[in-house]
Amino acid sequence: MWRFEIAYEVEGLVMDMMEPLLIGNPLANWWYRAMGATIGKRVCLLRGFLMEADLITIGDDATVEGVLQT
């Protein structure tokens, strides 16, 4: 449980600083794939973030805006 809380806080800090650079470009997809998310081809992630990214699956040709939480 504590490891999850630490990872959540670190992700929150990183996203606060990096969000302007990640909005709408492939770097956001790479970041969330590194965090464990399954993201299809030609996906555009706009404002917001994926909570518990390792449990998220996004199919091909999708646009996502807002917070996704399992």
(message) Scan segment 5-23 and tell me whether some residue there is out of contact with any strand residue (DSSP E or B) (no Cβ under 6 Å at 6 or more places or on another chain), open to solvent by 50 Å² or more (accessible area, probe 1.4 Å) and not in a helix (DSSP H, G or I).
(response) yes
(message) Suppose we filter segment 24-42 for residues that are farther than 14 Å from Gly66 by Cα, free of Cβ contacts under 8 Å to residues at least 24 places away in the same chain and open to solvent by less than 60 Å² (accessible area, probe 1.4 Å); how many remain?
(response) 6
(request) Identify, by number, the condition in (1) at pLDDT below 90; (2) within 9 Å of the chain's Cα centre (by Cα) that Asp16 doesn't meet. (result) (2)
(message) If I go through segment 44-65 residue by residue, how many of them are under 19 Å from Val10 (Cα atoms) and assigned to a loop (DSSP other than H, G, I, E, B)?
(response) 6
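The values are calculated or read from the model by the stated rules, or taken from the named source; none is laboratory data. Keep in mind that what you see is a predicted model, and the values were worked out from it rather than measured. Positions of Cβ are backbone-derived with ideal geometry, glycine not excepted, and every protein chain shown enters the neighbour counts. Quick note on the areas: whole protein, heavy atoms, side chains included, nothing else; ligands and nucleic acids left out. Shrake-Rupley method; radii C 1.70, N 1.55, O 1.52, S 1.80 Å.
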